[in-house]
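Have a look at the structure below before the remarks.
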Amino acid sequence: MQEPYHSLDALVRARLKRWPQRPPGSETSSRGSDAWMRGRPATTPELCNPFLKFPGSARLRTLPDGLWLNFSGTPEEPFVDIFAIEACSSLQNLLDKRSRFTPSTQSLLAVCPVTWLLSPVSQDDPTPRWQATGLLRVQPLHSLVLPVRDLKVMYGLKPRHFLVATGTLPYPHEYFVPMDALTAENGDKDPALQAMVARACTAGNFLMVSS
């Protein structure tokens, strides 16, 4: 029996909770230095999860339906790469959400609340997230705020809106999929979706020639 959901966003978030800590299809860094973790949707409703914001903004936050963070850099110069998913129920909703990620001269920040950092990575991995980042030497007392180095955004669209989107020119960081790809029971195991995510990773910009 299919579970009832009060909205399309609720259904998408329920499905994304089943996705792994690493975006499906993304490859492990050849340097072995990446540390992917799923920041949204929240595993537990009461836990404050990571969000995006511009410097100096106290209230305006971006809360994607899905958010994965790849912590990298060094303790002295940390940064994060992000992969976000947004389910758009209308064209206006799509335009609104696209505007939040439009390239600009401002810096985008990823905020990781301290309660999220102190919690375990997952039910199967008791490692505190702050340790899994590889960037913090001691247990944090405050939120971790990191500059976003790279971002990719995947938009889920209803069939008629998806057809409209195919007539536009996406920004380099944008990827569009039918909403069914996000609401499917095991959407993260879809080879086509995994292939798209693989192309979205930074490694997709480089031709690796075997020696």
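Laboratory data are not the source of any read-out in this text; all were calculated from the coordinates shown. For clarity, every value in this text was computed on a predicted model and none was experimentally measured. Please note: Cβ atoms are built from the backbone with ideal geometry, for glycine as well, and neighbour counts cover all protein chains shown.
Computed from the C-beta positions of ALA195 and TYR5, the FRET efficiency with R₀ = 30 Å rounds to 0.60. Projecting the Cα atoms of THR74, VAL209, SER143 onto the charge dipole of the chain, computed from C-beta unit charges around the Cα centre, puts SER143 farthest toward the positive end.
Contour minus end-to-end for GLN131 and LYS17, with contour as 0.36 nm per residue of separation and end-to-end as the Cα-Cα distance?
38.9 nm
A straight Cα-to-Cα reach below 22 Å connects LYS53 with the lysines LYS97, LYS152, residues fewer than 8 places away in its own chain not being considered. For the chain, the mean residue ellipticity at 222 nm estimated from helices alone is -6000 deg cm²/dmol, where every DSSP H run of n ≥ 4 contributes -39500 (n - 2.57) and the total is divided by all residues, rounded to the nearest 500.
Can you give the charge dipole size of the chain about its Cα centre, rounded to the nearest 20 debye, using +1 on the beta carbon of Lys and Arg and -1 on the beta carbon of Asp and Glu?
Numbers: 22 positive and 19 negative charges, 73 e Å.
Once rounded to the nearest 20, the dipole reads 360 debye.
Restriction of the GluC sites (Glu not before Pro) in the stretch 72-178 to DSSP coil positions whose beta-carbon has at most 16 other beta-carbons within 10 angstrom yields GLU76.
In this calculation the C-beta distance from MET208 to SER143 is compared with R0 = 41 Å, giving a FRET efficiency of 0.65.
Placing +1 on each Lys and Arg Cβ and -1 on each Asp and Glu Cβ, with no other charges, gives the stretch 98-211 a dipole about its Cα centre of roughly 380 debye. Report note on the peptides 96-104, 59-67, 153-161: ranked by the mean count of other C-beta atoms within 10 Å, highest first, their order is 153-161, 59-67, 96-104. Here the stretch 36-90 and the stretch 148-188 have alpha carbon centers that stand 18 Å from each other. Magnitude of the charge dipole for the stretch 151-211, about its Cα centre and with charges confined to Cβ atoms of Lys, Arg (+1) and Asp, Glu (-1), is about 140 debye.
Between amide H atoms placed 1.01 Å from N, distances below 5 Å from ASP34 occur with SER29, all of them 5 or more places distant or on a separate chain.
When every Cα-Cα distance of the stretch 1-136 is counted in 10 angstrom steps from zero, the calculated P(r) takes the values 10, 39, 37, 13, 1, 0 percent.
Summing +1 for each Lys or Arg and -1 for each Asp or Glu, what net charge is found among the other residues whose Cβ lies under 13 Å from the Cβ of LEU69? Overall, the nearby charge balance is +3.
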